[in-house]
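Undergrad: First the structure, which I've put down as structure tokens, then a few questions once you've had a look.
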Amino acid sequence: MSSVKDARDELLLLILSSPSGAGKTTLTQRLLQEQKGLAFSVSHTTRAARPNEVDGQDYHFVDQERFFEIVRDDDFAEWAEVHGNLYGTSVAELERAKRAGASVLLFDVDYQGARQIKAKLPQAVGVFILPPSMQELRRRLESRGTETPESLARRFAKARDEIGQYPFFDYLIVNDELQSALADLKGVLAAERCRRSRRAPTAEALLRAATKLDEKA
Ligand code: ADP
Ligand code: 5GP
């Protein structure tokens, strides 16, 4: 029994990326609300907090000086400039998720961050969220009401380049109807949990237990 219990799954790293406004924050939050054992990697950013955002929960909001201090100390697992602001995933966040005993760690990062995480941790799974159309992407960015006209234009102009990164990702989810996209995301998670490489330790532990029983018989 104990050997089967010891064969615990390793932490599943799930990266969510998308062009700005496609809905990855919404999907991430819904997934965190609905499933247990998930941790969210809280990034550092130099962008100003939006009215509904909580420091330490949505992001660690820092100034440029502090951001580059962390860069100099080599304490970011990845970092990048996105839409004119700096964003990074600290090594401390990865450690925190491990200590908290989460089975899944979610990253909401852009494609540059996704590439850096994959380079360091190739077992990470990349999911790219697509909008149903460019018109709807623009409508969502506008309706969120968080961007200045300049920032909105910059984010929308970047969308084509970002969507062009899709071949790098393992899964593509079209976020048309939210419930359906959420079901797809849960499906990806379920499939990844059942991947042979992840379940192999359980199978191997069962084999050892069965061998012991054979020896006793
Ligand atoms: P991202 O994190 O990718 O920039 P958000 O999650 O902030 O995008 O979503 C952008 C806006 O679109 C938000 O106002 C959100 O409520 C809305 N939204 C997200 N998904 C959908 C959907 N499936 N249908 C309609 N609106 C959506
Ligand atoms: P927003 O300002 O809308 O919250 O995020 C803008 C972009 O920055 C999104 O594509 C988001 O995924 C990305 N982002 C957020 N945190 C990180 C991070 O830690 N690293 C990287 N590389 N990108 C991030």
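The values are calculated or read from the model by the stated rules, or taken from the named source; none is laboratory data. Since we're looking at a predicted model, the values are computed, not measured. Cβ coordinates were reconstructed from backbone atoms using ideal geometry, including for glycine residues, and neighbour counts include every protein chain displayed.
Undergrad: Quick check on my filter: what residues within the stretch 89-108 are assigned to a loop (DSSP other than H, G, I, E, B) and in contact with a strand residue (DSSP E or B) (Cβ under 6 Å, 6 or more places away or on another chain)?
TA: Scanning the stretch 89-108 gives 100, 102.
Undergrad: Examine the stretch 54-68 for a residue that is within 17 Å of residue 127 (Cβ to Cβ), under 15 Å from the mean Cα position of the chain (by Cα) and without any contact (Cβ under 8 Å) to a residue 60 or more places away in the chain, and state whether such a residue exists.
TA: Among the residues of the stretch 54-68, not one is within 17 Å of residue 127 (Cβ to Cβ), under 15 Å from the mean Cα position of the chain (by Cα) and without any contact (Cβ under 8 Å) to a residue 60 or more places away in the chain, which makes the answer no.
Undergrad: Filtering the stretch 23-49 down to residues that are within 8 Å of ligand 2 (Cβ to nearest atom) and assigned to a loop (DSSP other than H, G, I, E, B), which residue is surrounded by the fewest Cβ atoms within 10 Å (Cβ to Cβ)?
TA: The extreme case among them is 47.
Undergrad: Further question on the same structure: Can you tell me which residues in the stretch 77-100 are among the acidic types (Asp, Glu) and buried (at least 19 other Cβ atoms within 10 Å of the Cβ)?
TA: Scanning the stretch 77-100 gives 78, 93.
Undergrad: Return the residues of the stretch 77-91 that are more than 8 Å from ligand 2 (Cβ to nearest atom) and in contact with a helix residue (DSSP H, G or I) (Cβ under 9 Å, 6 or more places away or on another chain); say none if nothing qualifies.
TA: 77, 81, 84, 86, 90
Undergrad: Let me ask you something else. Going through the stretch 69-100 one residue at a time, which ones are β-branched (Val, Ile, Thr) and either under 23 Å from residue 126 (Cα atoms) or within 16 Å of ligand 1 (Cβ to nearest atom) (or both)?
TA: 82, 89, 91
Undergrad: Do we find a residue being surrounded by fewer than 17 Cβ atoms within 10 Å (Cβ to Cβ), away from ligand 1 (no atom under 12 Å from the Cβ), more than 19 Å from residue 17 (Cβ to Cβ) and at pLDDT 95 or above anywhere in the stretch 101-118?
TA: No: the stretch 101-118 contains no residue that is surrounded by fewer than 17 Cβ atoms within 10 Å (Cβ to Cβ), away from ligand 1 (no atom under 12 Å from the Cβ), more than 19 Å from residue 17 (Cβ to Cβ) and at pLDDT 95 or above.
Undergrad: Residues that are under 21 Å from residue 26 (Cα atoms), within 11 Å of ligand 1 (Cβ to nearest atom) and in contact with a Ser or Thr (Cβ under 9 Å, 6 or more places away or on another chain): which helices (runs of 4 or more DSSP H) entirely in the stretch 127-217 hold 1 or more of them?
TA: 134-144, 149-163, 178-193
Undergrad: Further question on the same structure: Give the residues of the stretch 97-119 that are within 18 Å of residue 192 (Cα to Cα), within 13 Å of ligand 2 (Cβ to nearest atom) and hydrophobic (A, V, I, L, M, F, W, C), sorted by residue number.
TA: Matches in the stretch 97-119: 105, 106, 107, 114, 117.
Conditions (1) of a type in the set (Val, Ile, Thr); (2) touching a Lys or Arg at 6+ places or on another chain (Cβ under 9 Å), marked per residue:
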| site | (1), (2) |
| --- | --- |
| 118 | no, no |
| 124 | no, yes |
| 134 | no, yes |
| 140 | no, no |
| 143 | no, no |
| 146 | yes, yes |
| 152 | no, yes |
| 160 | no, no |
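Undergrad: For the stretch 120-178, give me each residue that is among the aliphatic types (A, V, I, L, M) and under 30 Å from residue 193 (Cα atoms).
TA: 121, 124, 125, 127, 129, 130, 163, 172, 173, 174, 178
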